[in-house]
Amino acid sequence: MRNHAMFTPAMQNQATQNPAMQNPADETQLSIPEAVLLGHALVQRVADGLGIRAFFIKGPASVVQGLRMPKMSVDVDVFVSPADLEALLNGMRERGWRDRPVDPDSRTFPKHSITIDHPSWPCCIDVHFRFPGMELDPAHSFETMWAHTEALELAGQEVRVPSKALGILILALHALRSPHLPACRQELVFLAELTERESLADTILEISAATGSVAAMRPFLEDHLPQEASVEWPQPSTEWRNRLLAKEPGSARIIAIVQAPLRDKPKMLFRAVFPAPEVFLSGNLYADLSFRGRLRLQKARWGKFVRSVPRIVRDLSQLRRARSR
């Protein structure tokens, strides 16, 4: 994302007095780590002012809690009840934050968060209203999660964060969506060792059952529960199975078209070939949407699709085997 620095009158006077000062904005532009920390404080202040319950997931809080190895976060992830989503978004919009364009195809890519950005901030904010893998009603799941939050100080502001057990559940679900990626496998190993060390498997199972995430969490939990534990493992939802199968965006679109009702297939196929402008803008806010620009973007998109065909074929083969079973 492009950085936009603020240039104040005071800085302009200083630059006039000191010609060698070519770019004073470089001294005041927030770095990404600074922006992420301050973003937590800002969102918490806005939520508190509106009387909204909000807690922060992943990010620097999880590192402070010992749930993750040290790593730089590039955005802010906050969770609110679905009923409070628009109120928090409006509170942030009043402060100059704006919704980022997203692919309008919610059948292929079911939405679980809204991403907002600000021209003067080098990080985005993801406002979550549900979490993939949690199959129960999002409002009900939020109440369960809220009961498992605690206070933590970040950037001089007290913020709400998940308990260790809930934090492990959320991070594990996030990693289980892409277990083929080395980084996700490494995170799952780290979380598994932490779960064993602090004897948190029973509590994680309890929260999983109360949020409908037992099916998605099975690969993580079944090796860490006591031998005497008796668990009925439900079948994962179609959405979760699709997320695991579709390792390529092209696979996700094809799977969605195959599974859609006959009346919806033509429109979905048309949009797969001729995407809406938001599809290009979701990857680059400053994408050239002129006629020539669209042709270049479309050419690059199809080139990427062709290169990913072998992986798409593997994904669809897995889907075919799963359906035959």
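The values are calculated or read from the model by the stated rules, or taken from the named source; none is laboratory data. Values in this document were obtained by computation on a predicted structure and should not be read as measured data. Cβ: placed from backbone, ideal geometry, glycine included. Neighbour counts: every protein chain shown. Keep in mind that these areas ignore ligands, DNA and RNA; they rest on the heavy atoms of the full protein, side chains included. Shrake-Rupley method; radii C 1.70, N 1.55, O 1.52, S 1.80 Å.
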Qualifying residue in the stretch 92-99 (condition: in a helix (DSSP H, G or I) and not β-branched (Val, Ile, Thr)):
yes
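Go through the stretch 44-55 and report how many residues are open to solvent by less than 60 Å² (accessible area, probe 1.4 Å) and under 14 Å from residue 156 (Cβ atoms).
1
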For the stretch 69-114, enumerate the residues that are small (Gly, Ala, Ser) and open to solvent by less than 80 Å² (accessible area, probe 1.4 Å).
73, 81, 87, 91, 96, 106, 113
Residue among 116, 125, 168 that alone is within 16 Å of residue 77 (Cβ to Cβ) and in contact with a Leu (Cβ under 6 Å, 6 or more places away or on another chain)
168
Inside the stretch 76-114, can you point out the residues that are closer than 15 Å to residue 159 by Cβ and not aliphatic (A, V, I, L, M)?
77, 79
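Matching residues to (1) under 30 Å from residue 308 (Cα atoms); (2) touching a helix residue (DSSP H, G or I) at 6+ places or on another chain (Cβ under 8 Å); (3) open to solvent by 40 Å² or more (accessible area, probe 1.4 Å):
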site	(1), (2), (3)
202	no, no, yes
210	no, yes, no
217	yes, yes, no
234	no, yes, yes
248	yes, yes, no
269	yes, yes, yes
Failed item, numbered, when residue 306 is tested on (1) in a helix (DSSP H, G or I); (2) out of contact with any Pro (no Cβ under 9 Å at 6 or more places or on another chain); (3) modelled with pLDDT of 90 or more:
(3)
Being loosely packed, with under 13 Cβ neighbours inside 10 Å and of a type in the set (Ser, Thr, Tyr) is the filter here, so list the residues in the stretch 274-325 that pass it.
286, 290, 317, 324
Of the numbered conditions (1) within 24 Å of residue 38 (Cα to Cα); (2) open to solvent by less than 50 Å² (accessible area, probe 1.4 Å); (3) not in a loop (DSSP other than H, G, I, E, B), residue 150 fails exactly one; give the number of that condition.
(2)
Under 8 Å between Cβ atoms, at least 6 apart or on separate chains: pull out the pairs that start in the stretch 163-189 with a residue that is crowded, with 20+ Cβ neighbours inside 10 Å and at pLDDT 95 or above and end on any residue that is of a type in the set (Phe, Trp, Tyr) and not in a helix (DSSP H, G or I).
170/131; 173/131
Which condition from (1) assigned to a loop (DSSP other than H, G, I, E, B); (2) of a type in the set (Ser, Thr, Tyr); (3) out of contact with any helix residue (DSSP H, G or I) (no Cβ under 7 Å at 6 or more places or on another chain) is the one that residue 115 breaks?
(1)
Restricting attention to the stretch 132-158, which residues are closer than 21 Å to residue 65 by Cα and without any contact (Cβ under 8 Å) to a residue 60 or more places away in the chain?
147, 148, 150, 151, 153
Those residues that are among the small types (Gly, Ala, Ser), out of contact with any Cys (no Cβ under 6 Å at 6 or more places or on another chain) and either modelled with pLDDT of 95 or more or assigned to a helix (DSSP H, G or I) (or both), I need them from the stretch 19-38; list them, please.
25
Those helices (runs of 4 or more DSSP H) lying entirely in the stretch 184-302 with at least 2 residues under 17 Å from residue 170 (Cα atoms):
201-211, 214-221, 238-245
